[in-house]
């Protein structure tokens with residue numbers, strides 16, 4: 001059965017193009033609407049989960065709880081699924097970093113997170129090592145039923161590196177995921193089965 005890999009809904013820092021990794025930024029109204037739209041699409045498809053894990057940061061935890069609302073399943077925090085550490089880029093606007101670091105920043109961006117940034121932190125290659133054990137622990141559940149993971153852009157990319165064994169730049173670029181997209185993976189074969197996106201607007205945010 002598939003692994004459904006979800007990126008948390010949008011935050012204000014996402015909208016501002018401000019780097020966020022360990023800073024606990026909440027979902028904004030659009031992010032709440034995106035989580036609700038993902039939940040509704042999964043229900044439309046008849047997808048039910050028997051195991052769910054999320055990053056310990058509130059934007060991922062709330063996204064997961066909205067998706068699971070009414071299912072009777074509680075999501076469990078997985079510390080290894082916290083976002084990749086962006087080092088000194090944390091909290092900085094991308095436009096400011098382009099001015100400050102120039103070509104170094106451009107080269108790092110072109111690496112699709114496969115390299116450590118010029119201000120330190122992690123790459124998705126090193127982060128892939130810390131997600132392998134908790135992913136392996138989920139394999140029995142994924143073999144029997146559907147599994148949900150809700151985390152972040154870069155650490156989701158690291159999970160796809162770990163699942164697929166591919167860490168080249170082209171593959172990493174294809175592993176990027178928007179806040180309104182869901183990746184569906186076969187854990188046993190390490191292959192992506194599908195990517196689907198939902199439509200959402202802030203008027204639909206509700207209470208989650």
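The values are calculated or read from the model by the stated rules, or taken from the named source; none is laboratory data. Treat the numbers as computed from the prediction; the structure is a model and nothing was measured. We place every Cβ from the backbone using ideal geometry, glycine too, and count neighbours over all the protein chains shown.
Of all the criteria given as (1) closer than 25 Å to residue 164 by Cβ; (2) in contact (Cβ under 8 Å) with a residue 24 or more places away in the chain; (3) surrounded by fewer than 17 Cβ atoms within 10 Å (Cβ to Cβ), the one not satisfied by residue 75 is (3).
Kindly indicate whether residue 200 is touching a helix residue (DSSP H, G or I) at 6+ places or on another chain (Cβ under 6 Å), under 26 Å from residue 74 (Cβ atoms), at pLDDT below 95 and crowded, with 22+ Cβ neighbours inside 10 Å. Break it down into steps so the answer makes sense when it comes.
Working: touching a helix residue (DSSP H, G or I) at 6+ places or on another chain (Cβ under 6 Å): yes; under 26 Å from residue 74 (Cβ atoms): yes; at pLDDT below 95: yes; crowded, with 22+ Cβ neighbours inside 10 Å: yes.
Yes; evaluated as a whole, the condition is true for this residue.
Kindly list the number of the only condition in (1) without any contact (Cβ under 8 Å) to a residue 60 or more places away in the chain; (2) surrounded by 20 or more Cβ atoms within 10 Å (Cβ to Cβ); (3) out of contact with any helix residue (DSSP H, G or I) (no Cβ under 6 Å at 6 or more places or on another chain) that fails for residue 99. Every condition holds for residue 99 apart from (2).
For the condition surrounded by 17 or more Cβ atoms within 10 Å (Cβ to Cβ) and at pLDDT 95 or above, residue 123 qualifies. Within the stretch 5-35, being surrounded by fewer than 23 Cβ atoms within 10 Å (Cβ to Cβ) and under 25 Å from residue 138 (Cβ atoms) holds for 21, 22, 24.
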